[in-house]
Amino acid sequence: MLAVLALSAALAATAALAQDDTRLTLYTGRVGERAVTMYLKDEPAPCGGDLRLITAIYRYDGVSKWLELDANSDRKGRLALVESNPGSGVSGAMMLVRDGAGLKGKWISPDGERVLPARFQPGPAPAKKRREMEETLEKVHYDNNDC
């Protein structure tokens with residue numbers, strides 16, 4: 001019984017640590033000359049270990065609706081983000097690296113012909129804005145992946 005209680009306490013502590021280690025970041029920046037906003041959720045992978053689960057959305061300010069980003073990262077902090085739309089498929093990809101508090105890299109068109117610089121800086125995200133972005137992230141994911 002004591003072992004079960006110890007295991008339960010350890011699991012609860014691990015779950016609390018995992019929740020505390022979730023990073024929600026609102027970024028503003030540019031892809032080429034266009035202003036963009038990106039919301040990135042970086043959390044511990046559900047199976048443990050040191051890999052991260054990243055979900056993200058972004059939009060070209062005043063031009064597009066939110067685009068879902070299929071995100072992958074490695075242990076060196078490099079990000080591969082593939083943008084897609086239901087019905088039209090892949091519309092671009094970004095390869096980004098950490099640059100201080102921000103991200104920098106390249107946006108690449110699906111055919112590989114256009115390559116644009118991409119740069120993002122974390123923006124202010126009060127609790128209300130974070131809740132709004134979390135709901136938007138969930139809605140975009142649901143709209144793009146619901147059967």
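Here's the yes/no breakdown for (1) in contact with a Phe, Trp or Tyr (Cβ under 8 Å, 6 or more places away or on another chain); (2) of a type in the set (Asp, Glu); (3) at pLDDT 85 or above:
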site: Ala10; (1), (2), (3): no, no, no
site: Ala15; (1), (2), (3): no, no, no
site: Ala18; (1), (2), (3): no, no, no
site: Thr25; (1), (2), (3): yes, no, yes
site: Gly29; (1), (2), (3): yes, no, yes
site: Glu33; (1), (2), (3): no, yes, yes
site: Thr37; (1), (2), (3): yes, no, yes
site: Asp42; (1), (2), (3): no, yes, yes
site: Gly48; (1), (2), (3): no, no, no
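Looking only at residues of region 92-110 that are of a type in the set (D, E, K, R) and modelled with pLDDT of 95 or more, we find that the one that is surrounded by the most Cβ atoms within 10 Å (Cβ to Cβ) is Lys104. Among the residues of region 111-131, write down those that are surrounded by 15 or more Cβ atoms within 10 Å (Cβ to Cβ) and part of a loop (DSSP other than H, G, I, E, B). Hit for region 111-131 is Ala125, nothing else. Among the numbered conditions (1) in a strand (DSSP E or B); (2) closer than 27 Å to Asp21 by Cα, the only one that Tyr142 does not meet is (1).
Among the candidates Val97, Val90, the residue that is part of a strand (DSSP E or B) and either under 15 Å from Arg30 (Cα atoms) or in contact with a Gly (Cβ under 7 Å, 6 or more places away or on another chain) (or both) is uniquely Val97.
Working only within region 47-90, note down all residues that are farther than 14 Å from Asn144 by Cβ and either crowded, with 18+ Cβ neighbours inside 10 Å or among the aromatic types (Phe, Trp, Tyr) (or both). Arg52, Ile54, Tyr60, Leu79, Leu81 - these are the residues of region 47-90 that are farther than 14 Å from Asn144 by Cβ and either crowded, with 18+ Cβ neighbours inside 10 Å or among the aromatic types (Phe, Trp, Tyr) (or both).
For region 53-87, a tally of residues being closer than 17 Å to His141 by Cβ, assigned to a loop (DSSP other than H, G, I, E, B) and not hydrophobic (A, V, I, L, M, F, W, C) returns 4.
The values are calculated or read from the model by the stated rules, or taken from the named source; none is laboratory data. Since this is a predicted model, take the numbers as computed values, not measurements. FYI the Cβ positions are ideal-geometry reconstructions off the backbone, even for glycines, and counts take in every protein chain you see.
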